[in-house]
Amino acid sequence: MKIARKAQAGTMQSSDLMVALEPADELSVEIESTVKKQFDHLIRAVVDEVLARHGVTAGRVRLTDRGALDYAIQARLETALSRAAER
Amino acid sequence: MVTQLLSSGDVALAKAFIEAQGLAFEPGFDDLVGVFEGGALVAAGARAGEVLKMVAIDPAHQSGALLGELVGELVRLGRSAGHDGLFVFTRPAHATSFEALNFRLLASHATVALLEYGGRFEAWQAAARAALAALEARRPLRPGATTGAVVVNANPFTFGHQWLVEQAAARCGRLVVLVVREDRSAFPFEARRRLVRQGTRHLAEVLVLDTGPYAVSAVTFPAYFLSRADPVAGIQMELDLALFGQRLAPALGVTRRFVGTEPRCATTRAYNAAMRRVLPAFGIEVVELPRLEAGGAPVSASAVRAALLSGDVAALPALVPPSTLSYLLSDEGRAVRARLGGAEGRHA
């Protein structure tokens, strides 16, 4: 799928994350996290897996995370992707 | 649940609540939100453009999740309005609460801390460092040589700016010219930066960059663009300079800041004085250079704007370099001149 418009999902609460998507020519993933030092690579792995599963090859993906678990990251990202998709 | 406070009754409640928390209620916001509990307001906050303000939480609720709820909603609303990055001014004691929400501390000075959400400073810094590295590859800095900086609005670029840059460049190994990015001036940012580039092209040691929103911007120093006197202008200009000392200068390796003496404008004069007060604490030497004068008056951008306004085109060649002159006389420049009549404020 294609990131066709700006979209966001999630909250700033503890154990949650906020996802912001916007169209771009290339794929980029920016991660801000209160637990970045320990878990940056694991968050990135989950994000990459979801993006690959949805066939996303372009767009700017930005996350601000407050220690969300994998399923929360998946759910927020998928929600944002469905909001950003072409209707 | 966070709700938007839209009715005049809700706004009045928010005003009373915010003032009870020791903050000043300032009208002029795009969003005002709050959280009610048992019919009483326990948290409130507002967003004006890209700045979050008046964020207040009832002391009995401060250890919980209210700040995240409130700020999360303000960030969501801000992004919907097209603001990617958001700033918040708060007391230094509260900075860590915002850092836990992934805000990044930009500067802390006296009673104020400025934080940013959205990672834009990192992007600005990466772009600035890449430009510096490209210059370093072309023209390495002599070992032990100083990197200096000047911040200019250049509205538009004059012989005065050119002279200041030449004098400053002669006093250091490398000079970074930071053009104010804020688009509140008669001449648009892209044109101002282009004219600075053209007017300093003969100086190989000069690198022209932009300030981002991190110096003399509507966020860091709004009073610069307003014509009315503002009692908090003093605190703002010191924070603007602390941000330069704590963030911009280290990012660029700058240890000297040059500035032209200011005979006319009281705000700029106060800014220069604040520079001498604030910057040395960060290891930055402030060097004030006398302004270039012509016919007993300083060669300034305001003199150029005045000449344009009165249609005195004959005065221009004495004030601006040929690159600026040809811009002013072009169709693009003419469109700006047409707007000059309606511009307000000292530096508009």
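Every residue, every condition in (1) away from every other protein chain (no Cβ under 14 Å); (2) loosely packed, with under 15 Cβ neighbours inside 10 Å, yes or no:
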| position | (1), (2) |
| --- | --- |
| A:L42 | yes, yes |
| A:E49 | yes, yes |
| A:A52 | yes, yes |
| A:L63 | no, no |
| A:L69 | yes, yes |
| A:A75 | yes, no |
| A:S82 | yes, yes |
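Of everything in region B:50-65 that is over 24 Å from B:P222 (Cβ atoms) and more than 9 Å from every other protein chain (Cβ to nearest Cβ), the residue that is surrounded by the most Cβ atoms within 10 Å (Cβ to Cβ) is B:I57. All conditions but one from (1) over 13 Å from the mean Cα position of the chain (by Cα); (2) modelled with pLDDT of 95 or more apply to A:R76; the one that does not is (1). Among the residues making up region B:285-317, those that are touching a strand residue (DSSP E or B) at 6+ places or on another chain (Cβ under 9 Å) and without any contact (Cβ under 8 Å) to a residue 40 or more places away in the chain are B:E285, B:V286, B:E288, B:P290. For region B:119-140, a residue qualifies if it is out of contact with any Gly (no Cβ under 9 Å at 6 or more places or on another chain), among the charged types (D, E, K, R) and within 14 Å of another protein chain (Cβ to nearest Cβ), and exactly one does: B:E122.
Exactly one residue among B:A169, B:A149, B:A133 is modelled with pLDDT of 95 or more and surrounded by fewer than 16 Cβ atoms within 10 Å (Cβ to Cβ), and that residue is B:A133. Filtering region B:143-201 to residues that are touching a Cys at 6+ places or on another chain (Cβ under 9 Å) and of a type in the set (S, T, N, Q) leaves B:T146, B:T147.
As a summary of the residue check, B:E116 satisfies the conditions (1) loosely packed, with under 11 Cβ neighbours inside 10 Å; (2) within 14 Å of chain A (Cβ to nearest Cβ) except for the one numbered (1). Restricting region B:80-108 to residues that are over 16 Å from B:A123 (Cβ atoms), within 11 Å of chain A (Cβ to nearest Cβ) and buried (at least 16 other Cβ atoms within 10 Å of the Cβ) leaves a set whose member that is nearest to the chain's Cα centre (by Cα) is B:F98. The condition of being modelled with pLDDT of 95 or more and touching a strand residue (DSSP E or B) at 6+ places or on another chain (Cβ under 6 Å) holds for A:L21. Looking at B:G68, B:G34, B:G72, B:G45, just one residue is outside any helix (DSSP H, G or I), crowded, with 16+ Cβ neighbours inside 10 Å and within 14 Å of chain A (Cβ to nearest Cβ), and that residue is B:G45.
The rows are residues; the columns are (1) free of Cβ contacts under 8 Å to residues at least 24 places away in the same chain; (2) in contact with a helix residue (DSSP H, G or I) (Cβ under 7 Å, 6 or more places away or on another chain); (3) over 22 Å from B:L319 (Cβ atoms); (4) of a type in the set (V, I, T).
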{"residue": "B:R120", "(1), (2), (3), (4)": "no, no, yes, no"}
{"residue": "B:A128", "(1), (2), (3), (4)": "no, yes, yes, no"}
{"residue": "B:L135", "(1), (2), (3), (4)": "no, no, yes, no"}
{"residue": "B:P140", "(1), (2), (3), (4)": "yes, no, yes, no"}
{"residue": "B:F157", "(1), (2), (3), (4)": "no, yes, no, no"}
{"residue": "B:V165", "(1), (2), (3), (4)": "no, no, no, yes"}
{"residue": "B:L178", "(1), (2), (3), (4)": "no, no, yes, no"}
{"residue": "B:R192", "(1), (2), (3), (4)": "no, no, no, no"}
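Among the residues of region B:249-284, the ones that are part of a helix (DSSP H, G or I), in contact (Cβ under 8 Å) with a residue 60 or more places away in the chain and aliphatic (A, V, I, L, M) come to 4 in all.
The values are calculated or read from the model by the stated rules, or taken from the named source; none is laboratory data. Please read all numbers here as calculations on a predicted model, not as lab measurements. Cβ atoms come from the backbone with ideal geometry, glycine included; neighbour counts cover every protein chain shown.
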